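What follows is a set of notes on a single structure, which appears directly below.
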Ligand code: NAP
């Protein structure tokens, strides 16, 4: 069986792993990736200061080191090769391309200078080759940024906050591009505000990541004890869900801390949502925040009470949204590919030979490891269907790389990744770092070529 997987992030790689480990059918996998490098969000999402999480890359790399798998990076499906063409070469396609777009707040000022989607900021600090540096760096002036507002109460919001409040010692140990490191070590806003539209029990943070915030040496964490008084439905949630109770305990401990004297303050605002972003001369200057409350069903409602907080930078971290790939069904409301146990559905009917895994299957939730179980489910569906799969036709004797060559596509295989890896380590060592991420597509492609 020949399988194409679209996306070389954790979900795609876990799908490869499970396909290789099963013994029911002999399988060859081509792993397509639009970037010149594999690993998806492990490279371009997991925060650079979360060293052990980023080390998952070593485990994922081993999956690629197998003769039955071929990495074809720097190949964009939908542009360089269409999905219909893939069907001519492969018995099945698994879409694993994640969620590459942002959700919007839909409030005035959202598009002003100084208001960034979290994805843009994360892409910038991780050195994503498709992220323009200039528009981001233009709004990150260390001499003017005193107050930063981060909207959203999830782990991405905490990742973003840490980039402003973690120590230089930690920043220096990351593999961020050098220009990012140089800028972030200068950028030390005095006030950082996190806005959560629901309460401490409903917030999506995980406890480990929260605790980490409370242990940073230069930071005071500020929580209003009144915001920890719970609605009966929230109390019930805290009583029945250990994870939420643990978060509540962390907030309660923070609320009891006496006012600190550290140079930076993190304010956790519960029951607040932004209703407008104040703009002067095209740039963000403040955020209007409305107090919210929960109704009897636990839904958020505005109270009409609005106050304004100063802001030189707003980062909107309210979740990601998937993109549609031409010829592939898409649920616009949820931003995912409709599916049942990983089988792609069009109007409720299975599309032969198409499967889906990861965030584009279930939405942007869970940690890296969640994708392993998810991949097992999808691969099991594929294997169960194998007698009904239309085997790839005539072109099967030819190879997709003939088509890539014809179209002038410069693809990168696993050996090429090895060269990029070595180049990043060598670049890091020039500045006494373990590695430094190459952030330009041109530089990545040049590094992937064997020396003449
Ligand atoms: P998330 O966990 O879904 O959090 C999104 C937050 O945005 C929620 O608090 C949500 O509030 C809020 N929100 C949504 N729409 C809003 C609106 N219109 N106005 C105000 N607030 C709004 O998403 P995420 O932080 O992007 O993380 C994605 C996944 O990656 C999560 O599973 C996360 O745990 C994982 N991740 C893990 C780590 C780690 O270190 N372990 C790091 C990064 C990401 P409501 O709940 O009220 O909707």
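Where a number appears in this text, it was derived from the coordinates with a stated rule and is not lab data. The model shown is predicted, which means the values in this text are computed figures rather than measured ones. Note: ideal-geometry Cβ built from the backbone for every residue, glycine included; neighbour counts use all protein chains shown.
I'd like to check something: does the range 25-39 contain any residue that is without any contact (Cβ under 8 Å) to a residue 40 or more places away in the chain, within 16 Å of the ligand (Cβ to nearest atom) and in contact with a helix residue (DSSP H, G or I) (Cβ under 8 Å, 6 or more places away or on another chain)? There is at least one residue in the range 25-39 that is without any contact (Cβ under 8 Å) to a residue 40 or more places away in the chain, within 16 Å of the ligand (Cβ to nearest atom) and in contact with a helix residue (DSSP H, G or I) (Cβ under 8 Å, 6 or more places away or on another chain).
With the condition kept exactly as written, say whether any residue in the range 40-60 is more than 30 Å from residue 289 (Cβ to Cβ), in contact with a strand residue (DSSP E or B) (Cβ under 9 Å, 6 or more places away or on another chain) and within 16 Å of the ligand (Cβ to nearest atom). Looking for residues that are more than 30 Å from residue 289 (Cβ to Cβ), in contact with a strand residue (DSSP E or B) (Cβ under 9 Å, 6 or more places away or on another chain) and within 16 Å of the ligand (Cβ to nearest atom), one finds at least one in the range 40-60, hence yes. Listed here are the helices (runs of 4 or more DSSP H) enclosed by the range 202-283 that have at least 2 residues being more than 14 Å from the ligand (Cβ to nearest atom) and either farther than 30 Å from residue 113 by Cβ or under 27 Å from the mean Cα position of the chain (by Cα) (or both): 232-240, 242-256. Criterion applied to 403, 382, 444, 438 was being in a loop (DSSP other than H, G, I, E, B) and either buried (at least 16 other Cβ atoms within 10 Å of the Cβ) or over 30 Å from the mean Cα position of the chain (by Cα) (or both), and the one residue passing it is 438. With respect to being surrounded by 22 or more Cβ atoms within 10 Å (Cβ to Cβ) and on the phi > 0 side of the Ramachandran plot, residue 127 fits the description. Against the criterion of being more than 16 Å from the ligand (Cβ to nearest atom) and under 17 Å from residue 2 (Cα atoms), residue 407 does not qualify.
The number of residues in the range 284-298 being farther than 13 Å from residue 196 by Cα and either buried (at least 18 other Cβ atoms within 10 Å of the Cβ) or within 29 Å of the chain's Cα centre (by Cα) (or both) comes to 6.
Filtering the range 156-164 for residues that are more than 21 Å from the chain's Cα centre (by Cα) and either surrounded by 13 or more Cβ atoms within 10 Å (Cβ to Cβ) or on the phi > 0 side of the Ramachandran plot (or both) leaves an empty set. Residue by residue through the range 339-373, note down the ones that are surrounded by fewer than 24 Cβ atoms within 10 Å (Cβ to Cβ) and either within 16 Å of the ligand (Cβ to nearest atom) or assigned to a helix (DSSP H, G or I) (or both). Residues satisfying the conditions are 362, 363, 364, 365, 366, 367, 368, 369, 370, 372, 373.
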